[in-house]
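The values are calculated or read from the model by the stated rules, or taken from the named source; none is laboratory data. What you are looking at is a predicted structure, and each value in this text was computed from that prediction instead of being measured. Cβ coordinates were reconstructed from backbone atoms using ideal geometry, including for glycine residues, and neighbour counts include every protein chain displayed. Heads up: the accessible areas ignore ligands, DNA and RNA and are worked out on the full protein's heavy atoms, side chains in. Shrake-Rupley method; radii C 1.70, N 1.55, O 1.52, S 1.80 Å.
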Amino acid sequence: MEPFTTHTGVGVPLRRSNVDTDQIIPAVYLKRITRTGFADGLFAAWRSDERFVLNLEPYRAGSVLVAGPDFGTGSSREHAVWALADFGFRVVISSRFADIFRGNAGKQGLLAAECDQADVEQLWKLLEARPGTEVTVDLREKTVRANEFTAPLRVDDYTRWRLLEGLDDIALTLRHADSIAEFERNRPQWMPVTTPAGTA
Amino acid sequence: MGRTLAEKVWDAHVVRRGSGAEPDLLYIDLHLVHEVTSPQAFDGLRLSGRPVRRPDLTIATEDHNVPTLDIDAPIADPVSRTQVETLRKNCAEFGVRLHPMGDDEQGIVHVVGPQLGLTQPGMTVVCGDSHTSTHGAFGALAFGIGTSEVEHVLATQTLPLRPFRTMAINVDGRLRPGVTAKDVILAVIARIGTGGGQGHVLEYRGEAIRALSMEARMTICNMSIEAGARAGMIAPDETTFAYLRDRAHAPRGADWDTAVAYWRELCTDPDAAFDAEVHIDAAALSPYVTWGTNPGQGLPLSASVPDPARIADENARQAAEKALSYMDLAPGTPLRDISVDTVFLGSCTNGRIEDLRAAAEVLRGRKVAPGVRMLVVPGSMRVRAAAEAEGLDRVFLAAGAEWRSAGCSMCLGMNPDQLRPGERSASTSNRNFEGRQGKGGRTHLVSPLVAAATAVRGTLSSPDDLS
Ligand code: SF4
C-alpha cells in the first residue's frame, strides 16, 4: 500500500445523509472478480441525472468527497471503496461513517476521516460557492484545510499509523504467528470443524 | 465488575492484547465464504503465495448470484457465471468445503451455517457479508467484514480489532399475537436510527426475546447491521441448546455436556454495565412496515406516510423528502392504501421454514390478488425440501405464488429476480435502499405475515385485514 501523508485535490460536496453502499455501487456491478474497473458503477443511479454533482465541472475531477452523516451504511461490499478509489477519490469526509466502510477504506489507502457536522456544512458552503476549490487533508496533523478554513479531523490511531507507513495488515499479523499457533493449541477440541462434513 | 456476553466472548478469543495504537488480535472460529466478496481475497493469497491457514474452519456456498429457476442449466449471465465458477476454482485450489448450486446443503450463507450446526454459542464468526450478525442469535460474536479482511482471515484465522462497545436492547413484556420478530427489529431500528448502533454490539434481552424461537432470534440479530451495529447477540438458553442438539456439526456425547456447561456461562453478569441501554415495550408493538429508503424509516402499519415538513431535524427532513420522492408517496397517505406489484418472501432475514409456514398459513385457501406476483424463495435447499415435505409448496402454488430454488434472489437482485423501474414490492428482506431490488424499484420491508396478507389484498395489510 502507498503511504498516505497529505493530499490536496478538488473537493466535492455531496449533500446527502445515509449514503448506503448500494448507492455507492449497486449490486449489478459486483460481479467482477478484480479489484479494479468499478469507477463506472460509482453512484450509478444518481449519475444518470445530469445535474448530479459528479456530472458537473469541475467536480468531475474531484478527489476529496465531503458527504453527509452515516456514509457507507449497509452492505459490507469493499467494492464501494474500490469504486471511489477507481474514480479518483483519495479522501472521504463525513461526520459519521458506518464501521465496516471505514475499516474497508483504511485497508485500501482511501482515507475516511470524520469531522463535526458543522465543519461539513462549512465545507459544503465553501465548495458550492466556489466550485473547484481545493481541499488539503493532512493526516499527520489530522486537519482539513480549504482556503482560510481549517478544521480538525478524527482518524483512529491504528489506521492513521498504517496509512502513514503504508503497512500491509496481513504481514503485521503474521509477525505473531507463534501466538496464533499457541492459541490454536489451547482451543477446546469439541469446537466444530467444517471438514469432513458432519452427519446428523 | 462483571462482563457482558459480548465481552466474555471477546476475551475468550484474544490471541494477543493490543497496546498503544495496536488493537487486539482476535481468533476467528468460523469463516463463511460466498462468491461475491471472496474472489479478490483468494487472488491476494495467490499473489503473496499464502495458503488458507484453516480450511477446516472455513466453508463456502453459492448464494448471491444463483438463479432460482432452472438451476440445472448453466447460469445464463456470463459475468455471474464467471463469479460462481471462480469460487469453485478457488475452493478446489485452497481446499475449502463448498456447497454449490444443486447441492442439498446449498443456500444463503447465513441460513446454511446455523442449519448445519456450525454456528454455536460463544464462537467468533465472520463472513464478507454484513448480515453475518444473524449468527449472534446463538450467543456467538458474529460480524461482517470487507474483502481485505476476508483475505486476512483466510491467511491468518485472526483479525486485528478494537473492542466494540455494548448496547442492551431490552424488549420487555410480551408480544401480542400477530406481532413477530421482524416487527420488533423494524421498531428497534426506527427508534435508534440507522447509525444508532454504530461501533456497538447490540444484546437483545428481556422476556419477549426469551420467548422467541431460534429462527425468530436470527431474524432480529440479522438486522442489527441496519441499525449500524457491528453485531447483535442473544444469550444462549434451552431454546438454543434444543435447536443445536443432533445437528450435523453439533458436539456429541460427553462433548455435548462439556459444551453445554460452557454455553451456560455465556450471559451478561448481573453487575455488568452496558455503554448504552434502550427499552422497548413489547406489548405496545404492532406490525411494522417501512415507507422510506432506509430501514430506519418505518412505522406501524396503522400509521400514515409522514409529512417531512413536520420533521424538525434538517438532515432527517431532507432524507424524508428524498425518500418520499423516490418512493412516489404523498404525505398523509395511510400505509394500508399503498398497493404493490410484487411480494417477495425470502432472504437471510425471513427465508427459514417458520417464515414459510407463517406465510403459508395466511395463504391457505386464499389467492394472490390479480396483478400481483409473489415470489417465494426458500433460504436454503434444506428449507425448500422441508417445506415440500410439509406441503407448503402446494399452498403457495395454489394461491398463485411462484415456488423457487434457494438463494438471495430479489433481496438484492444480482440474479434475474429483480423489480423493474417504478415497481413496488412488499419484501421480507432487510434493505429498502434505492434500487436495492432492481434499478428504480421501490421496497417496503415487512414480516412474512404482512407479506402474505399484502399478496392477498394487493395493498400493505396484516392478516387481521383479511376477512
Ligand atoms: S439474502 Fe440478502 S441480505 Fe442476506 S446475504 Fe443474501 S443478499 Fe445479503
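Table for the structure above
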read-out: Qualifying positions in segment A:157-187 - open to solvent by 60 Å² or more (accessible area, probe 1.4 Å) and part of a loop (DSSP other than H, G, I, E, B); value: A:ASP168, A:ARG175, A:ASN186
read-out: Residues that are more than 10 Å from the ligand (Cβ to nearest atom), within 14 Å of chain A (Cβ to nearest Cβ) and over 28 Å from B:ARG176 (Cβ atoms), drawn from segment B:416-436; value: B:PRO416, B:ASP417, B:GLN418, B:LEU419, B:ARG420, B:PRO421, B:GLY422, B:PHE433, B:GLU434, B:GLY435
read-out: Sole residue being away from the ligand (no atom under 14 Å from the Cβ) and open to solvent by 40 Å² or more (accessible area, probe 1.4 Å), chosen from B:ALA140, B:ALA76; value: B:ALA76
read-out: Residue check for B:VAL14: open to solvent by 10 Å² or more (accessible area, probe 1.4 Å) and within 11 Å of chain A (Cβ to nearest Cβ); value: yes
read-out: Boolean, B:SER405 is within 14 Å of chain A (Cβ to nearest Cβ), within 16 Å of the ligand (Cβ to nearest atom), within 22 Å of B:MET101 (Cβ to Cβ) and modelled with pLDDT of 95 or more; value: no
read-out: Leading residue by the ranking (surrounded by the fewest Cβ atoms within 10 Å (Cβ to Cβ)) among those in segment A:3-26 that are within 14 Å of chain B (Cβ to nearest Cβ) and among the aliphatic types (A, V, I, L, M); value: A:LEU14
read-out: Residue in segment B:206-226 that is within 13 Å of another protein chain (Cβ to nearest Cβ), over 15 Å from the mean Cα position of the chain (by Cα) and within 26 Å of B:TRP10 (Cα to Cα) present; value: no
read-out: Qualifying residue in segment B:104-113 (condition: away from the ligand (no atom under 14 Å from the Cβ), in contact (Cβ under 8 Å) with a residue 12 or more places away in the chain and of a type in the set (Asp, Glu)); value: yes
read-out: Single residue of segment B:213-238 satisfying the filter (among the acidic types (Asp, Glu) and out of contact with any Pro (no Cβ under 6 Å at 6 or more places or on another chain)) that is most open to solvent (accessible area, probe 1.4 Å); value: B:GLU238
read-out: Members of segment A:61-101 that are without any contact (Cβ under 8 Å) to a residue 40 or more places away in the chain, within 12 Å of chain B (Cβ to nearest Cβ) and not in a loop (DSSP other than H, G, I, E, B); value: A:VAL81, A:SER94, A:PHE97, A:ASP99, A:ILE100
read-out: Looking only at segment B:143-161, and only at residues there that are facing another protein chain (nearest Cβ under 7 Å) and of a type in the set (A, V, I, L, M), the one that is surrounded by the fewest Cβ atoms within 10 Å (Cβ to Cβ); value: B:ALA155
read-out: Condition broken by B:TRP256, with the remaining ones in (1) over 23 Å from the mean Cα position of the chain (by Cα); (2) buried (at least 20 other Cβ atoms within 10 Å of the Cβ); (3) within 14 Å of chain A (Cβ to nearest Cβ) satisfied; value: (2)
read-out: Candidate set: segment B:172-197, residues that are in contact with a strand residue (DSSP E or B) (Cβ under 8 Å, 6 or more places away or on another chain) and open to solvent by 10 Å² or more (accessible area, probe 1.4 Å); chosen: the one farthest from the other protein chains (Cβ to nearest Cβ); value: B:GLY173
read-out: Residue identified as at pLDDT below 95 and more than 16 Å from the ligand (Cβ to nearest atom) among A:LYS125, A:LYS107; value: A:LYS107
read-out: Count - residues of segment B:20-33 that are out of contact with any Lys or Arg (no Cβ under 7 Å at 6 or more places or on another chain) and either more than 11 Å from chain A (Cβ to nearest Cβ) or assigned to a strand (DSSP E or B) (or both); value: 6
read-out: Only one of B:LEU98, B:LEU116 that is in contact with a Cys (Cβ under 7 Å, 6 or more places away or on another chain) and more than 15 Å from the ligand (Cβ to nearest atom); value: B:LEU98
read-out: Residue within segment B:288-298 that is more than 14 Å from chain A (Cβ to nearest Cβ), among the hydrophobic types (A, V, I, L, M, F, W, C), more than 18 Å from the chain's Cα centre (by Cα) and more than 16 Å from the ligand (Cβ to nearest atom) present; value: yes
read-out: Selected residue (only one of B:GLU314, B:GLU321, B:GLU361 is over 25 Å from B:PRO67 (Cβ atoms) and touching a helix residue (DSSP H, G or I) at 6+ places or on another chain (Cβ under 7 Å)); value: B:GLU321
read-out: Qualifying residue in segment B:285-307 (condition: part of a helix (DSSP H, G or I), out of contact with any helix residue (DSSP H, G or I) (no Cβ under 7 Å at 6 or more places or on another chain) and open to solvent by 50 Å² or more (accessible area, probe 1.4 Å)); value: no
read-out: Enumerated strands (runs of 3 or more DSSP E) restricted to segment B:109-208, each holding at least 1 residues that are of a type in the set (Lys, Arg); value: B:165-172, B:200-205
read-out: Filter result (among the hydrophobic types (A, V, I, L, M, F, W, C) and either more than 7 Å from chain A (Cβ to nearest Cβ) or in contact (Cβ under 8 Å) with a residue 40 or more places away in the chain (or both)) within segment B:55-87; value: B:LEU57, B:ILE59, B:ALA60, B:VAL66, B:LEU69, B:ILE71, B:ALA73, B:ILE75, B:ALA76, B:VAL84, B:LEU87
read-out: Test: B:HIS64 is open to solvent by 10 Å² or more (accessible area, probe 1.4 Å) and within 14 Å of the ligand (Cβ to nearest atom); value: yes
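Yes/no per residue for (1) in contact with a helix residue (DSSP H, G or I) (Cβ under 7 Å, 6 or more places away or on another chain); (2) more than 14 Å from chain B (Cβ to nearest Cβ); (3) touching a residue at least 12 places away in the same chain (Cβ under 8 Å); (4) open to solvent by 50 Å² or more (accessible area, probe 1.4 Å):
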site	(1), (2), (3), (4)
A:GLY109	yes, no, yes, no
A:THR133	yes, yes, yes, no
A:GLU141	no, yes, no, yes
A:VAL155	no, no, yes, no
A:THR194	yes, no, no, no
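One line per residue, one yes/no per condition, for (1) under 20 Å from B:GLU321 (Cα atoms); (2) at pLDDT below 95; (3) touching an Asp or Glu at 6+ places or on another chain (Cβ under 7 Å); (4) in a loop (DSSP other than H, G, I, E, B):
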{"residue": "A:PRO3", "(1), (2), (3), (4)": "no, yes, yes, yes"}
{"residue": "A:VAL12", "(1), (2), (3), (4)": "no, no, no, no"}
{"residue": "A:GLN23", "(1), (2), (3), (4)": "yes, no, yes, no"}
{"residue": "A:ASP40", "(1), (2), (3), (4)": "no, yes, no, no"}
